[in-house]
Amino acid sequence: MLFGILSRAHPVATCSIVVKNLHETIDNKALWETATGFGAVRPTDADKARDALDGSVLVEKKVKVDVYLNSQEQEAKLEKILAEKKANFTRIFVNNLSPKVTQEEYKALFEAYGQVEYATISINHKNGDLLPFGFVNFTTHAAAQAAIDSLHDTMHHGQKLAVDRARITVEREEERKVRLEARRTSFTSLYVNNVDPAATEDELLQLFSPHGTVLSARIQPSSTTDASFAFIHYDTHNAAQNALSAIHDSEHRGRKLSVSRLRNKEERQNEAILAHRERTQGLNLIVRNLSPEVTDDALRAAFEGFGTVSNVKVVMDKDGVSKGHGFVSFKSQKAGAKAKEEMKDKTIGDSQNKIAVAFFHSQVPHRPWSSVKSSIGSA
């Protein structure tokens with residue numbers, strides 16, 4: 001039993017708390033007896049129970065307690081968090097960095113505007129090299145805003161910096177979804193697959209013109225199959241939508257045509273990213289602040305108690321020295337979430353370094369170590 005929910009009805013609201021990381025011997029009765037001393041009638045009782053029980057130990061395990069929210073309450077809470085993040089941000093995103101910039105120089109650049117908690121240039125998960133963008137976390141909003149005002153669009157090592165508020169993951173996901181939805185409801189171009197190689201563009205014009213004004217029709221041969229493909233451009237979205245509905249899966253020259261809206265490169269990338277995120281959410285962890293002596297084997301040993309580990313990799317530089325971070329991949333989201341929660345601020349082996357663990361979201365649909373050679377195989 002990993003978590004439980006306690007609630008009692010109230011005329012206005014339902015007061016509930018969710019208790020996570022429960023010991024397997026805790027049953028419903030024991031959970032109820034633990035929490036009911038705080039009451040569960042008024043909406044404030046759930047907050048009182050959370051404040052008193054969160055972080056406490058129940059049967060040798062430290063539990064995490066929070067107020068349970070229904071879907072509408074979760075959406076309202078998320079909107080409030082986003083508004084606060086936008087108004088009081090302390091984290092900024094820096095793009096278009098020169099490859100000449102070092103981590104030390106990067107941090108020093110921003111310390112002129114206020115106290116910096118951390119400043120990191122992002123890492124290429126394929127080879128461990130630095131990427132042309134990074135993040136900076138200030139202790140105050142004023143310092144973060146001052147850095148943006150002073151450094152955005154300025155030249156540094158011959159390249160114009162782009163500095164802005166760092167958006168949290170949910171914001172980026174929502175923006176991707178908004179752009180995709182806008183394209184889905186306004187497209188005017190179609191992609192037609194499985195076209196007979198002997199078909200002509202005039203034939204396609206005759207086929208697609210009854211549904212609206214066709215601006216152009218172009219056929220292109222495929223280099224991998226015996227079929228060609230085509231692009232049809234209409235003057236309006238309604239015409240394109242009508243043609244898609246009418247012609248998709250219909251036959252032309254004995255072949256069943258596959259018709260879909262034409263997606264640009266950004267759409268394909270965004271759809272791939274969203275699909276990849278859904279498939280791998282909670283599977284991949286990035287582990288930072290590793291001691292130099294921590295190996296792949298040691299990293300695996302530290303995490304395999306939480307579930308089946310499919311891959312591990314400590315990132316090394318070109319001389320074979322650890323860069324201080326690594327990746328761990330689990331075969332289940334449940335194991336990944338448990339490891340992230342319980343390994344925070346822990347040490348590995350004889351090291352005194354407290355590690356930092358976070359979910360790793362790669363921007364492309366492959367695992368973060370897919371191109372990194374490793375002697376450790378899948379479990």
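The values are calculated or read from the model by the stated rules, or taken from the named source; none is laboratory data. Given the structure is predicted, the values throughout are model-derived calculations rather than measurements. All Cβ positions, glycine included, derive from the backbone under ideal geometry; neighbour counts span all protein chains shown. With ligands, DNA and RNA removed, areas are computed over all heavy atoms of the protein, side chains included. Shrake-Rupley method; radii C 1.70, N 1.55, O 1.52, S 1.80 Å.
Can you tell me which of PHE208, PHE229 is farther than 30 Å from PHE93 by Cα, of a type in the set (Phe, Trp, Tyr) and outside any helix (DSSP H, G or I)?
Working: PHE208 fails: outside any helix (DSSP H, G or I).
The conditions single out PHE229.
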Some residue of segment 170-188 being surrounded by 13 or more Cβ atoms within 10 Å (Cβ to Cβ) and at positive phi: no
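Of all residues in segment 317-329, count the ones that are out of contact with any strand residue (DSSP E or B) (no Cβ under 6 Å at 6 or more places or on another chain) and either over 21 Å from ASN127 (Cα atoms) or open to solvent by less than 80 Å² (accessible area, probe 1.4 Å) (or both).
Count: 3.
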Residue satisfying all of: in segment 120-169; in a strand (DSSP E or B) and among the aliphatic types (A, V, I, L, M); surrounded by the fewest Cβ atoms within 10 Å (Cβ to Cβ) among these: MET155
Within segment 86-119, considering residues that are among the hydroxyl-bearing types (Ser, Thr, Tyr) and surrounded by 16 or more Cβ atoms within 10 Å (Cβ to Cβ), the one modelled with the highest pLDDT: TYR113
Segment 348-372 residues that are more than 12 Å from LYS126 (Cα to Cα), paired with ones that are in a loop (DSSP other than H, G, I, E, B) and modelled with pLDDT under 75 (beta carbon under 9 Å, 6 or more apart): PHE359/GLN281; PHE359/GLY282; PHE360/HIS125; PHE360/PRO368; HIS361/GLN281
Number of the exception - GLU278 against (1) modelled with pLDDT of 75 or more; (2) open to solvent by 40 Å² or more (accessible area, probe 1.4 Å); (3) under 30 Å from ASP345 (Cα atoms); (4) assigned to a helix (DSSP H, G or I): (1)
Evaluation of LYS80 against (1) open to solvent by 80 Å² or more (accessible area, probe 1.4 Å); (2) more than 20 Å from the chain's Cα centre (by Cα); (3) modelled with pLDDT under 70 (one fails), failing number: (3)
All positions within segment 248-267 that are part of a strand (DSSP E or B) and open to solvent by less than 90 Å² (accessible area, probe 1.4 Å): HIS252, ARG255, SER258, VAL259, SER260, ARG261
Enumeration of residues in segment 59-77 that are assigned to a loop (DSSP other than H, G, I, E, B) and at pLDDT 70 or above: VAL59, GLU60, VAL63
